[in-house]
Amino acid sequence: MRHAATFRETWFDPLFAGPAISRCLLDAMSRPGTLLPLGETPLVVPPPGLRAACAVLLAVLDRDVTFHVTDDGMSEIRDYLRFNTGARPARPEHADFVLVAGISGGAALDAIMGAIPDRGDEGVRVLYAPTELDAHETSADVVLVLDGADGVDERRLSLGGVAAADFHRLGAGRLTFRPVDLWFASADGRLAAIPRATCWRSA
């Protein structure tokens with residue numbers, strides 16, 4: 001068991017980095033599918049592939065919200081986020097934020113899709129950490145097509161290192177489970193978002 005002090009994130013200043021990331025996230029939510037630079041995220045505790053995603057969560061988590069980390073092998077990331085933000089871990093069907101630490105949401109996605117939405121349910125923000133995030137259709141594992149985003153006919157978002165099956169399932173049944181906002185923070189520090197009200201499909 002690691003000492004709690006080893007989870008302390010010494011390279012994240014919540015007074016300066018937090019508001020900047022929050023503004024970037026609001027911009028991403030207002031322009032679905034647009035790639036935005038997060039800027040430098042020199043965190044020292046998380047593995048490199050999760051540093052950008054963890055920086056986003058450090059900016060938005062606090063004592064009033066709950067979160068879930070999907071991969072059982074990432075219990076240290078769960079403890080790290082709890083230690084640095086005060087947010088409370090929760091089961092995915094009840095969490096406000098879900099970090100997909102591996103290639104797939106797996107059982108957490110099953111739980112979210114099995115949860116019947118209540119009136120007033122604020123939904124869940126599901127954050128993926130793709131190895132690649134691009135606006136052009138390349139050799140990506142997943143290509144998401146956004147319809148009518150920002151007044152344009154179509155926008156594409158290509159993702160690497162994530163499971164295509166997740167997005168087929170999310171796209172097919174998104175009207176029948178808890179509202180989901182999709183966030184993406186790539187290993188190279190780029191951010192994109194798809195709000196729940198945006199129509200999208202897997203290419």
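All of the numbers you see were taken from the coordinates with simple rules; none came from a lab. Just so it is clear, the model here is predicted, and its values are computed rather than measured. Cβ coordinates were reconstructed from backbone atoms using ideal geometry, including for glycine residues, and neighbour counts include every protein chain displayed.
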Starting from the Cα of residue 122, step 7 Å along the direction of its Cβ; do the same at residue 30; then give the gap between the two resulting points in nm. 2.1 nm
Between residue 23 and residue 104, what FRET efficiency comes out of the Förster formula 1/(1 + (r/R0)^6) with R0 = 30 Å and r the beta carbon distance, rounded to 0.05? 0.50
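Can you pull the Rg over Rh of the chain, Cα-only, Kirkwood? Don't jump to the answer; show the numbers that get you there.
Working: Rg = 16.0 Å, Rh = 17.0 Å.
Here Rg/Rh amounts to 0.94.
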Principal axis dimensions, largest first and in whole angstrom, of segment 1-118 by Cα: 42, 38, 28
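Looking at segment 12-202, send over the antiparallel percent of its DSSP beta bridges, to the nearest 5.
Of all bridge pairs located within segment 12-202, approximately 55 percent are antiparallel.
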For the chain, set up a GNM with springs between Cα atoms under 10 Å and report which of 74, 113, 29 has the largest fluctuation. 74
Please work out how much length the chain gains when fully extended from residue 136 to residue 62, using 0.36 nm per residue of separation minus the C-alpha to C-alpha distance, in nm with one decimal. 23.2 nm
Residue 188 versus residue 44, label points 7 Å from Cα toward the beta carbon: distance in nm? 2.7 nm
